[in-house]
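Working notes, structure below.
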Number of protein chains: 2
Amino acid sequence: MIKAAILGYGTVGSGVYNVLNSNTRLVNERAGREIEVKYVLDLRDFPGDPVEKQLTHEFDDIINDDEVKIVVEVMGGLHPAFEFTKRCLEEGKNVCTSNKELVAEHGLELMSVARENDVNYFFEASCGGGIPIIRALNDCLTADDIDQITGILNGTTNFILTEMAENPGVSFGKTLKQAQKKGFAERDPGADIDAYDPARKIAILSSIVFGSSVDYKDVYTEGIRGITSEDIRYAATLGYAIKLLAEAKRTEEGIRVYVAPFLVDPAHPLYSVNGVMNAVYVHGNMLGDAVFTGAGAGSLPTASAVVADVIDAARHDGKRAYCGWKHDEKLVLASNDGIRRKNLVRIYTEDEGKANKVFSPDGFLDTISLGELEDEIAFITPELSEEEFDNKVRAFGKVISRIRFY
Amino acid sequence: MIKAAILGYGTVGSGVYNVLNSNTRLVNERAGREIEVKYVLDLRDFPGDPVEKQLTHEFDDIINDDEVKIVVEVMGGLHPAFEFTKRCLEEGKNVCTSNKELVAEHGLELMSVARENDVNYFFEASCGGGIPIIRALNDCLTADDIDQITGILNGTTNFILTEMAENPGVSFGKTLKQAQKKGFAERDPGADIDAYDPARKIAILSSIVFGSSVDYKDVYTEGIRGITSEDIRYAATLGYAIKLLAEAKRTEEGIRVYVAPFLVDPAHPLYSVNGVMNAVYVHGNMLGDAVFTGAGAGSLPTASAVVADVIDAARHDGKRAYCGWKHDEKLVLASNDGIRRKNLVRIYTEDEGKANKVFSPDGFLDTISLGELEDEIAFITPELSEEEFDNKVRAFGKVISRIRFY
């Protein structure tokens, strides 16, 4: 028997409680021992809910109870989640979390506290929801030197982009509102649509893959706020999909990490990942290509990942589990300037002559026009570095929009 | 430091040797200790190959060496692989294998020997090549009650079906020859094209998922030998792909396991898995849908999975790792007769009247005809059980071909 506490009885916390109560026999069998939830911490009361038996308003009940060996932190936010987690680890309690903000911001420090106290800090649910990507990296693809990881790591934006592609002409704003109505987007959607959320996740994943801490604030981050229904129609005309990709890649120039919307080819495995699904592509030097797909969010899929951590914590009670993210130094990322890519650029028809001069090596760009949009055309640039592209735009003047080809 | 031996220096064995020598630092770091290959067993000599230092022709060198704690069995075939594996386990050595024939035939007995001797018998590479599906089931998706697993588990047949779809009109025989030339099919291709290979793999996977031993001989198995270029053209006309699917599913009637070619809808995640890639769809009661995709065969991807087992064996030295396949009784499978599916049926044009009478509830079947095939038509049946379908065919007479809709 091992006792656990859950900090926070919100969407994920109640999911964790639900999974532990629904799959009890299987969970205990796989953990190799009985797991009992002794406390659930929340400021609120839940009259009539079975959680009442375990509910406490006092963190001290948990921190002072030596029987509690596993703490599930699913409060979200940085404070007091950080202080609570740190104190639990210091008291020799394992902590399992879905809190990507906290892991991205203080993961390194918390892992070092865990190491000093011979306990584990697990965060499977912080990236890719129910997809077991962190355990895949730490425990499954262990024979490989992973040199690239590319993911669709945010369900909200993938839902919006999929909806826009399936309903041509419907605007970004309208689609966002619909996502909010369906509960797929927050009332304050900034972390998703401005891509801070996938930036945190790719920072966590690349810290595991490359061993040293990637600071999410160093990750070049471009969201989908600027994607219009016209962009989506151009993409469809070309047979491509627009996807918000988060990528970390080892190159000759160093490790590059970025998040941005890209035009993705139908032959690419991430092309067909639609709606709220997430997917992570991994390349290993022996394995080659592998892709992990699953629900990126939602109470139960996220709770499924958290409970897998709880089971692993029970299996490893008293022992440290392996984690690839283990070096204390911060990883200095390579600049993205040198990446050469084609771009889809939209301009006003009247500027075609100037565009030919500036963007085409031989002065003749193949242009694409959508019947309905008479005053504009689009074209595909040759492969250009970010710097070259910026210089050309400077020479050209303002373009309507630009999307990189993946 | 932990010492290992490799039984067999063929395609997979040399791959394992290669992975251990190429990724040495990473492998040791993740194993938590140095892994040294002390012996490689093979009947042949390899003059000039670095393996000469470790090469032995005598199994006794390995079995009698107490330093050897991990044995990699990559000889293939049942004998002497079975006897060697059993003796190693009895001597307290962990065994890691890619030998699906052996695991499917004697896995239960070997796991029980492993259990009695407090060592591990790992077989990640036996299913799905480099895809870490067994570890995903045993160690990652542990919070879930898995009720379905559906895979494209054979790269050879998936390559043939993909080639036939991409080159309309090219026959099965010609495509098979091409696969053989490219090294994607064996000279004796029976195990692949008659689907014994994926039947073994789904038997192994379903034993892990459902806990008790599934005998691959009980799995309804239908290969792709009968698939013609005409079938592929009908599928393409409907917008579907023909895929050889291996499925295990818990239903109200019990657990059903079968392998057969199916018409797969473009919206299904396995539709776009092409060429030699494998993929496994898993459904969990909390997680929902998850898909794992990767290289299903090949020296290095398979070796990557074997070496992940070696690392896990080193991590678990002296301890037993969890495996879902743990009950000694054999699982009695439910009959497939009750599954209701639509079917694509091809008949000679002259039999249309009879088909309307036999196959259509209201006497009017929508027929599909391909311009080039004047003397035949095809139609889609209503949902029928296997038994109902067989009865109808008996009443109708001979059909040209029949493929189930997934």
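Calculated FRET efficiency, B:Asp337 and B:Glu186, Cβ-Cβ r, R0 30 Å, to nearest 0.05? According to the calculation, E is roughly 0.35. In this structure, A:Arg25 and A:Arg320 have a Cβ-Cβ separation that, at R0 = 30 Å, corresponds to a calculated FRET efficiency of about 0.60. Our coupling estimate for the stretch A:146-152, obtained by passing each phi through the Karplus curve with A = 6.51, B = -1.76, C = 1.60 and θ = phi - 60°, is 7, 10, 7, 9, 9, x, 9 Hz, Gly and Pro reported as x. Each helix, a run of at least 4 DSSP H residues, gives -39500 (n - 2.57); summed and divided by the residues of chain B, these come to -10500 deg cm²/dmol at 222 nm.
Taking amide H positions as modeled 1.01 Å from N, with prolines and chain starts lacking one, the residues under 5 Å from B:Met286 and 5 or more places away or on another chain are B:Asp145.
For A:Ile339, the amide hydrogen comes within under 5 Å of the amide hydrogens of A:Glu386, counting only partners 5 or more places away or on other chains and with H modelled in the peptide plane. Principal-axis analysis of the Cα atoms of chain A puts helix A:11-22 at an angle of about 50° to the longest axis.
Inter-chain Cβ neighbour count for B:290-297, averaged per residue, equals 6 (cutoff 10 Å, partner chain atoms only). Site pair B:Leu78 and A:Glu352 shows an inter-label distance of 7.3 nm when each label is modelled 7 Å from Cα along Cα→Cβ. In nanometres, what is the gap between the two model label sites at B:Arg225 and B:Ile368, each 7 Å from Cα along Cα-to-Cβ? It is 2.6 nm. In plain terms, the residue of B:Thr221, B:Thr251 with the fewest other Cβ atoms within 10 Å comes first and the most crowded comes last, giving B:Thr251, B:Thr221.
Sorted fewest first by neighbouring Cβ atoms within 10 angstrom, B:Phe389, B:Phe359 come out as B:Phe389, B:Phe359.
Ascending distances from the B:Gly353 label point to its copies in the other chains, with the point 7 Å along the Cα-to-beta-carbon line: 7.4 nm.
Qualifying trypsin sites (Lys or Arg not before Pro) in the stretch A:310-376, where qualification requires a DSSP coil assignment and no more than 11 other C-beta atoms within 10 Å, comprise A:Lys319. Mind running the shape call on the protein assembly as shown? Use the C-alpha gyration tensor, a ≥ b ≥ c as the square roots of the eigenvalues: rounded below 1.5 for a/c, prolate if a/b tops b/c, oblate otherwise. It is rounded, given that a/c, with a ≥ b ≥ c, falls under 1.5.
Sites listed here are GluC sites (Glu not before Pro) in the stretch B:30-62 whose DSSP assignment is loop and whose Cβ has at most 16 other Cβ atoms within 10 Å: B:Glu34, B:Glu58. Build a GNM of chain A with springs between Cα atoms under 10 Å apart, and of A:Val273, A:Val310, A:Val74 the one that fluctuates most is A:Val273. Modelled spin labels at B:Glu387 and B:Arg115, positioned 7 Å past Cα toward Cβ, are 3.6 nm from each other.
With 29 Å as the limit on Cα-Cα distance, the pairs of B:Lys86/B:Lys330; A:Lys249/B:Lys181; A:Lys243/B:Lys182 that go past it are A:Lys249/B:Lys181; A:Lys243/B:Lys182. Using only Cα atoms and rounding to the nearest 10 degrees, what angle (0 to 90) does helix B:386-396 make with the longest principal axis of chain B? Roughly 40 degrees, rounded to the nearest 10. Residues whose amide H falls under 5 Å from that of B:Val74, counting only those 5 or more places apart or on a different chain, are B:Leu7, with hydrogens built in the peptide plane. Between this copy and the others, label points of B:Gly254 are 6.3 nm apart in ascending order, each placed 7 angstrom from Cα in the Cβ direction. Straightening the chain between A:Asp65 and A:Asp265 buys 66.6 nm, computed as 0.36 nm per residue apart minus the Cα-Cα spacing.
Note that the stretch A:347-354 has calculated 3J(HN,Hα) couplings of 9, 6, 3, 4, 9, 4, x, 4 Hz, one per residue in order, obtained from phi through the Karplus relation 6.51 cos²θ - 1.76 cosθ + 1.60 (θ = phi - 60°); glycine and proline are x.
Within the stretch A:18-69, the trypsin sites (Lys or Arg not before Pro) that combine a DSSP coil assignment with at most 11 other C-beta atoms in a 10 angstrom radius are A:Arg44. Copy-to-copy label distances for B:Lys217, where each label lies 7 Å from Cα along Cα-to-Cβ, are 6.7 nm in order of increasing length. Residues of the stretch B:105-132 falling in the label zone of B:Lys330, defined by backbone nitrogen less than 14 Å from a point 7 Å along Cα to beta-carbon, are B:105-109.
Every read-out reported here was derived from the displayed coordinates using simple, explicitly stated rules and does not represent laboratory data. Keep in mind that what you see is a predicted model, and the values were worked out from it rather than measured. Using ideal geometry, Cβ is built from the backbone for each residue, glycine included, and neighbour counts are taken over all protein chains shown.
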